[in-house]
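Any read-out appearing in this document is the output of simple, stated calculations on the displayed coordinates, not a laboratory observation. Source: prediction; values computed, not measured. Positions of Cβ are backbone-derived with ideal geometry, glycine not excepted, and every protein chain shown enters the neighbour counts.
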Amino acid sequence: MTLTSSAVYRFNQRFSAGVGVPIYFDRVSTTTGTTSNAGLGDFFAALGAAWKNPALNFTTTLTGSAPTGDKNKGLSTGHATFDWTNRVDHDFGRVTPFASAGISNSVSNTRFFVRPFTSFGMAAHFEGGMDVDLAHSFSLTLSGYDIAPWGNQTVFSRIVGHGAVGPGGAHGRVFETNQQTSGGASLTRDDGFTIGLTASPKPYLDLELGYTRSMAFAMNTVAFGAVLNVSKLFHPAQ
C-alpha cells in the first residue's frame, strides 16, 4: 500500500508546481520469513505546463526526486532521479484519446500500476489510449504502455528483504528473487495494458480501481486508490 501526500500551487491556468513524498506499507520476504516494510519514499518536486486549444491539448511535466527513501527496502534508488513526460489529447465528446511520451532515469509508477520495485537507469516510456466519461461521475481509462530502457539498469525490490532470496523469478521477474539486481536493459523492459475505473462521488474525492497486465513480466496487478483534494474540501468554490 502507498500513501502519497502532495501539494500543488497553480500560478495561473497554464503553469503549476508541486512537491510531495510517498509512504510505503509493504509485506516483504526476509531470511526469517515475511515481515512488514514501511517507510518514506523519495521526496519529489514537479513543474508542469498546459496548453489547451480546440485542435489539441498539450501538457508537459518535469519531475525530480531526492533519494530520501531506503534503497535496501526498495523505497529508493539511492540516486537523484528525473522524469520528463509530455502528453497530447483531444476531446471528442465523452471520449478523449491521448498519447504520452517521456524520458527518465527510473521507471515510475502510474495511477493504476504501482510496481513491486524501483529502478535506476535510462529509459523512454510511452502510453496511448483513451479516457471515457461514463454516467453518474464514473470514468473509464483504457491504455497500452511500453517501457524502452537502454544501458545499465539496477532493480531494487520492494518485496524481497535485503540479504534474502525469494521464490519465483520467472519471465525476468528478478525483483521476486533478489533485493538488488544489476544488468542490461532487459531487466526493466516492459509493455502491457491497463484498464482503470474512476468514481467521483464528491468534487473533492476520487476513488480509483485499476487492472494492469504486464506482458513482458507475465504479471497481473490490481490497484485501488483514493485521491482527496483538501483544497476543494475546504474551499468548494475552487
Relative frequency of Cα-Cα separations exceeding 21 Å in segment 72-234, percent:
53
Rounded FRET efficiency, nearest 0.05, which uses the C-beta distance separating PHE43 from ASP133 and R0 of 25 Å:
0.15
Amide H neighbours of MET215 under 5 Å, at least 5 residues apart or on other chains, H built in the peptide plane: list them.
ASP191, GLY192, PHE193
Any idea how far the Cα center of segment 96-159 sits from the one of segment 163-226, in Å?
10
Zone residues, segment 120-141, relative to ASP191, backbone N less than 15 Å from point 7 Å out along Cα-to-Cβ
124-129
Once you have a ≥ b ≥ c as the square roots of the Cα gyration tensor eigenvalues for segment 102-161, tell me rounded if a/c is under 1.5, and otherwise prolate or oblate according to whether a/b is larger than b/c.
oblate
How big is the Cα convex hull of segment 1-138 in projection, averaged over all directions, in nm²?
10.2
Whole-Hz ³J(HN,Hα) from phi, Karplus 6.51 cos²θ - 1.76 cosθ + 1.60, for segment 104-110, glycine and proline x
7, 10, 7, 6, 8, 6, 10
What nm value, rounded to one decimal, do you get for the distance between LYS52 and ALA124 when each label is placed 7 Å out toward the C-beta?
3.0
Could you tell me the extents of segment 159-200's C-alpha atoms along the three principal axes, largest first, rounded to whole Å?
43, 23, 15
